[in-house]
């Protein structure tokens with residue numbers, strides 16, 4: 001399943017008080033991110049993603065992601081298994097004149113469904129033969 005967030009971060013949004021957005025997702029495994037920020041953002045706008053107050057993008061705990069001017073795919077293997085199923089996006093924009101945007105796509109592979117064991121019941125012919133001792 002593909003989930004997307006697009007946001008224009010207003011000018012003068014500081015790192016101390018970043019812009020916050022929540023993206024509802026599904027239970028499963030995040031296996032891929034697609035990230036893009038226009039070149040106009042330069043290094044002025046930076047983002048990070050958290051799941052249950054744990055930073056998952058970028059992968060190191062206290063850094064911010066910036067300067068992804070070409071659509072970039074990042075492989076991942078992160079299990080989303082506790083509700084609420086949502087990602088928290090934080091961004092700041094140090095540009096004093098213009099808002100800048102980011103686009104993030106999150107690919108999630110759903111949890112594998114449980115396959116129930118189906119007990120086979122004999123068909124009517126087998127039941128009939130069983131009553132009269134047939135094989």
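Observations, loosely collected:
Listed here are the residues, each with its yes/no results for (1) touching a residue at least 24 places away in the same chain (Cβ under 8 Å); (2) under 23 Å from residue 3 (Cα atoms); (3) outside any loop (DSSP other than H, G, I, E, B).
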position: 26; (1), (2), (3): yes, yes, no
position: 29; (1), (2), (3): yes, yes, yes
position: 46; (1), (2), (3): yes, yes, yes
position: 69; (1), (2), (3): yes, yes, no
position: 103; (1), (2), (3): yes, yes, yes
position: 112; (1), (2), (3): no, yes, no
position: 117; (1), (2), (3): no, no, no
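- Taking the listed residues 41, 11, 91, the one that is surrounded by 17 or more Cβ atoms within 10 Å (Cβ to Cβ), over 30 Å from residue 111 (Cβ atoms) and in contact (Cβ under 8 Å) with a residue 24 or more places away in the chain is 41, with no other qualifying.
- Matching entry among 82, 96 (being farther than 21 Å from residue 4 by Cβ, under 17 Å from the mean Cα position of the chain (by Cα) and in a loop (DSSP other than H, G, I, E, B)): 82
- Hits in region 54-67 (condition: part of a loop (DSSP other than H, G, I, E, B) and either exposed (fewer than 11 other Cβ atoms within 10 Å of the Cβ) or free of Cβ contacts under 8 Å to residues at least 12 places away in the same chain (or both)): 58, 59, 60, 61, 62
Rule-based calculations on the coordinates, nothing more; no lab input. Bear in mind that the values here come from a model prediction, so they are computed numbers and not experimental data. All Cβ positions, glycine included, derive from the backbone under ideal geometry; neighbour counts span all protein chains shown.
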